[in-house]
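One structure is given below, encoded as structure tokens.
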Amino acid sequence: MTWETVIGLEVHAELSTKSKIFCGCTTAFGGEPNTHVCPVCSGMPGVLPRLNRAVVEYAVRLGLALGCEITRYCKFDRKNYFYPDLPKAYQVSQLYSPICRDGRLDIEAGGQAKTVGIREIHMEEDAGKLIHDAQGTFMDFNRCGVPLLEIVSQPDFRSVGEVTAYLEKLREILLYLGVCDCKMQEGSLRADVNLSVRRPDGEFGVRTEMKNLNSFKAVGRAIEFERLRQIKVLESGGRITQETRRWDDEAGESFGMRSKENAQDYRYFPEPDLLPLRIGEDWLEQIRETIPELAHQKRERYVRDFGLSGFEATVLTGHKSLSDLFEAVSERCGYPLEAARLITGEIMRLMNVTNTLPEDLALDAGKLSALVSLMMEGKINRNAYKETAEAVFMSGADPEAYISEKGLLMVNDSDAVSEAAGAVIAANPDAAADYRAGKTKAFGFLMGQVMRKLGGTANPDAVKKILKNMLDN
Ligand SMILES: [Zn+2]
């Protein structure tokens, strides 16, 4: 008998607003411990939170992009729990009226299209960090109060492939919307996985939750481990307990941490220090207008307007920094097809060689567009183009300066070509005679000689034409 895996995801996205959700402290990652704090975010008694307007705007932007219904009159709630990284002993979150509900995200996994339901998106504050070392445990409150959106899916996933496709698409949307930098290694995107198994079409099983998985790979491994663990327990006649489990990525297994809390364990109640939030029609429209073109819309446009292949369009929109670069380069030089080929070809190859992530790409669009123009206008040949692209990528070289310094400018000058061709014919009378006698192979030899004489920078088309002309007449 087979088992079906049922998975739901809660994704936490740290917002890239300048300041925290309820105070003016910076949200910048890192920093000396406890330097990005004030009485509000460090939970001093008697302080009052003030809601950051940008957090609401970011939440609505994401909600609209995911087709959610926006809650026009929403509230914050207190979630009470004690943990040393949360000095207030409660987290301001949203339980009863989250800002967005009932959205959807279309994914494709294993060649199958699927729609995943988004149950809700709510706003909340992040907690601090505990740092354990030999001397003991230290607390860093820099992250306290950094705004978070929690994106809660319906339990619609049935495989790791679907989960990964969803996370990738969600990351793409968050990046394009500019609401989260999605640096998983810095914890700005984290996922909790809820998982149960059942007989196909049977009742839902008891689910467990694995928290704070911070790479797509860890999510996949944790799911696979937990699925097999639950099946083993059930097949040997045991029962699954509802619990929170900790995934140990190094050990490749998860451990029961605590029995899973229910909402009533947190004694949620409406946050008395914050007024309910009313989102009017005007404000909603203003936010709607700030939603940029998303990746899938860009993909369609690149194919339709620029004639790119579906593959090129997919590669270029795979990360916002690549599509930004592509658009900047093609707009400046006016050769979108060639700009696409340069980026998906030589530039991606160099990124691979140097292990450069798209988000770390710092290429000057002006230099790349100058390079594309030089090639398209017949001033350099393909080899010089590649060499110069590498110099721009590796050391930020200026293409024109590099080309003139290295003598890579293509020789189009017909006098120079004629002179070289004449000299080559004179020096190789046998080859010239062979060609005239119908031995076409001899032409290749003579052509190579002329190219060599011109230092490899000649325009091959020009050489071919002039040499042929001289030999034939
Ligand atoms: Zn603060």
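What follows is calculated from the coordinates using simple rules that are stated; it is not laboratory data. In this text, all values refer to a predicted model and were calculated from it rather than measured experimentally. Note that each Cβ is placed from the backbone with ideal geometry, even for glycine, and that neighbours are counted across all protein chains shown.
Observations on the model:
- Over 19 Å between alpha carbons, listed pairs LYS20/LYS169; LYS183/LYS211; LYS79/LYS211; LYS211/LYS232; LYS406/LYS453; LYS20/LYS320: LYS20/LYS169; LYS211/LYS232; LYS20/LYS320
- Charge dipole magnitude, Cβ of K and R +1, D and E -1 - the range 4-285, Cα centre, debye nearest 20: 380
- With 0.36 nm allotted per residue and the present C-alpha distance subtracted, the GLU4-MET44 stretch has 9.6 nm of extension available.
- The convex hull built on the alpha-carbon positions of the range 204-259 has an orientation-averaged projected area of 3.9 nm².
- If you wrap the tightest convex hull around every Cα atom of the range 414-472 and split its volume per residue, you get 64 Å³.
- The string of couplings for the range 110-116 from the Karplus curve (6.51, -1.76, 1.60, θ = phi - 60°) is x, x, 10, 7, 8, 10, 9 Hz, one whole number per residue in order, with x for Gly and Pro.
- Between the range 39-105 and the range 398-473, the C-alpha centres lie 71 angstrom from each other.
- This ranking places SER153, SER395, SER16 by how few other beta-carbon atoms lie within 10 Å of each, fewest first, which gives SER395, SER16, SER153.
- Modelled spin-label separation between ASP430 and ALA89, with each label point placed 7 Å from Cα along the Cα-to-Cβ direction: 10.0 nm.
- Rg over Rh for the range 41-143 works out to 1.10, using Cα positions for both radii and the Kirkwood form for Rh.
- In the range 293-405, the alpha-carbon atoms span a convex hull of 94 Å³ per residue.
- Shown is the FRET efficiency for GLU235 and TYR81, computed with R0 = 45 Å from the Cβ-Cβ distance and rounded to the nearest 0.05: 0.80.
- Estimated Rh, the range 4-285: Kirkwood, alpha-carbon pairs, angstrom: 19.8
- Our coupling estimate for the range 372-388, obtained by passing each phi through the Karplus curve with A = 6.51, B = -1.76, C = 1.60 and θ = phi - 60°, is 4, 4, 4, 6, 5, 8, x, 8, 9, 8, 4, 5, 5, 4, 5, 4, 5 Hz, Gly and Pro reported as x.
- Considering only the Cα atoms of the chain, their convex hull presents on average a projected area of 32.6 nm².
- Distance (nanometres) between label positions extended 7 Å along Cα→Cβ at ALA362 and SER404: 2.7
- With the helix formula -39500 (n - 2.57) applied to DSSP H stretches of n ≥ 4, the chain reaches a computed 222 nm mean residue ellipticity of -12500 deg cm²/dmol.
- Stretched out straight at 0.36 nm per residue, the stretch from ASN383 to ILE131 would grow longer than its current Cα-Cα span by 85.5 nm.
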